[in-house]
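> Mind looking over this structure? Questions follow.
The values are calculated or read from the model by the stated rules, or taken from the named source; none is laboratory data. Note that the coordinates shown come from a computational prediction; the quantities given were computed from them, not determined experimentally. Ideal geometry is used to build each Cβ from the backbone, glycine not excepted, and the neighbour counts take in all protein chains shown.
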Amino acid sequence: MVTEDQAREALKQIVDPEIGLNIVDLGLIYDVDVDVEDATVNVRMTLTSPGCPVGPQLLNGSKAVLEDLEGVEEVNIELVWEPFWTPERIAPEYRAVLGL
């Protein structure tokens, strides 16, 4: 079974095409929980805004890369709006690159 770190690393493959940054470093992933007994990965994530035009692409991509990991039987993605995403959630090294 995969670890939380391996799941987060896999999620880095998903890039927000509008910003050009992966969803982990962008701060969209709030929680990753790996249930070893059930071989399930549960993810709580958000989007940059409720009307994000690439939201479905990010959600479906996240589910797909996690399902591709060896030993994962089920993936649950929960889209949440609390806390609301702000640019402060972006990894500090990328905030500087983005001029924030």
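> Could you list all residues from the range 72-97 that are under 17 Å from L26 (Cα atoms), assigned to a loop (DSSP other than H, G, I, E, B) and touching a residue at least 60 places away in the same chain (Cβ under 8 Å)?
Hits for the range 72-97 are I90, A91.
> Scanning the range 2-23 for residues that are in contact (Cβ under 8 Å) with a residue 60 or more places away in the chain and either part of a loop (DSSP other than H, G, I, E, B) or touching a helix residue (DSSP H, G or I) at 6+ places or on another chain (Cβ under 8 Å) (or both), which turns out surrounded by the most Cβ atoms within 10 Å (Cβ to Cβ)?
Here the residue is A7.
> Being hydroxyl-bearing (S, T, Y) and either over 23 Å from Q6 (Cβ atoms) or touching a Pro at 6+ places or on another chain (Cβ under 7 Å) (or both) is the filter; apply it to the range 35-57 and report the residue that is surrounded by the most Cβ atoms within 10 Å (Cβ to Cβ).
Here the answer is T48.
> Still on this structure, I have one more. Assigned to a loop (DSSP other than H, G, I, E, B), out of contact with any strand residue (DSSP E or B) (no Cβ under 8 Å at 6 or more places or on another chain) and touching a residue at least 60 places away in the same chain (Cβ under 8 Å): does that describe E37?
no
> If we scan the range 20-39, do we find a residue that is touching a Leu at 6+ places or on another chain (Cβ under 8 Å) and more than 24 Å from L100 (Cβ to Cβ)?
Yes, the range 20-39 contains a residue that is touching a Leu at 6+ places or on another chain (Cβ under 8 Å) and more than 24 Å from L100 (Cβ to Cβ).
> Among the candidates L26, L69, L100, which residue alone is more than 13 Å from the chain's Cα centre (by Cα), assigned to a loop (DSSP other than H, G, I, E, B) and at pLDDT 95 or above?
Values: L26 fails: more than 13 Å from the chain's Cα centre (by Cα); L100 fails: at pLDDT 95 or above.
Every option except L69 fails the conditions.
> Condition first: surrounded by 13 or more Cβ atoms within 10 Å (Cβ to Cβ) and of a type in the set (G, A, S). Can you find one or more residues in the range 65-88 that meet it?
Checked against the condition, which is being surrounded by 13 or more Cβ atoms within 10 Å (Cβ to Cβ) and of a type in the set (G, A, S), the range 65-88 yields no hits at all.
> So, of the residues in the range 40-54 that are among the aliphatic types (A, V, I, L, M) and assigned to a loop (DSSP other than H, G, I, E, B), which turns out to be farthest from P83 (Cα to Cα)?
Step one: of the range 40-54, the residues among the aliphatic types (A, V, I, L, M) are 41, 43, 45, 47, 54.
Among the residues that remain, those that are also assigned to a loop (DSSP other than H, G, I, E, B) are: 47, 54.
Numbers: L47: 11, V54: 20 Å.
Restricting to residues being among the aliphatic types (A, V, I, L, M) and assigned to a loop (DSSP other than H, G, I, E, B), the top hit is V54.
> Among the residues of the range 29-38, how many are more than 9 Å from the chain's Cα centre (by Cα) and of a type in the set (A, V, I, L, M)?
Total satisfying the criteria: 2.
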